[in-house]
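Asker: First, the structure itself, so that you have it in front of you.
Values quoted throughout were computed directly from the atomic coordinates according to the rules given, and no laboratory measurement underlies them. Predicted model, so just to flag it, every value in this text is computed and none were measured. When we count neighbours, we look across all protein chains shown, and the Cβ atoms used for this are built from the backbone with ideal geometry, even at glycine.
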Amino acid sequence: MNDMSQGQRRELTAEQQWEQFTVLKTADDYIDSLRGRNLDVYLLGERIEEPVDHPIVRPSINAM
């Protein structure tokens, strides 16, 4: 049996944890990373299907 089946967790090093992240290099990378997350975002009482493309939300995203 491996350690996981015995209820033990192997701790990741800081380096291993950082390797799991995708580096965002450009503004387009950031915006693309926000797409398709199926977030529950509401504006003025209405659900926004894709917040990235909404004209009121997009300026806030661009400001990042």
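Asker: What are the pairs with Cβ atoms under 8 angstrom where one residue, in the stretch 16-43, is without any contact (Cβ under 8 Å) to a residue 60 or more places away in the chain and the other, located anywhere, is in a strand (DSSP E or B) and surrounded by 10 or more Cβ atoms within 10 Å (Cβ to Cβ)? Sequence gap at least six, or different chains.
Answerer: Pairs that qualify, where the first residue is without any contact (Cβ under 8 Å) to a residue 60 or more places away in the chain and the partner is in a strand (DSSP E or B) and surrounded by 10 or more Cβ atoms within 10 Å (Cβ to Cβ), are D40/R47; V41/R47; V41/I48; Y42/I48.
Asker: Going through the stretch 20-46 one residue at a time, which ones are closer than 15 Å to M64 by Cα and touching a strand residue (DSSP E or B) at 6+ places or on another chain (Cβ under 7 Å)?
Answerer: Within the stretch 20-46, no residue meets the criteria.
Asker: Still on this structure, please answer the following. Considering only residues that are acidic (D, E) and assigned to a loop (DSSP other than H, G, I, E, B), look in the stretch 35-64 and name the one that is surrounded by the most Cβ atoms within 10 Å (Cβ to Cβ).
Answerer: E50
Asker: Filter the stretch 11-34 down to residues that are assigned to a loop (DSSP other than H, G, I, E, B) and surrounded by 11 or more Cβ atoms within 10 Å (Cβ to Cβ), then give me how many there are.
Answerer: Of the residues in that region, 2 qualify.
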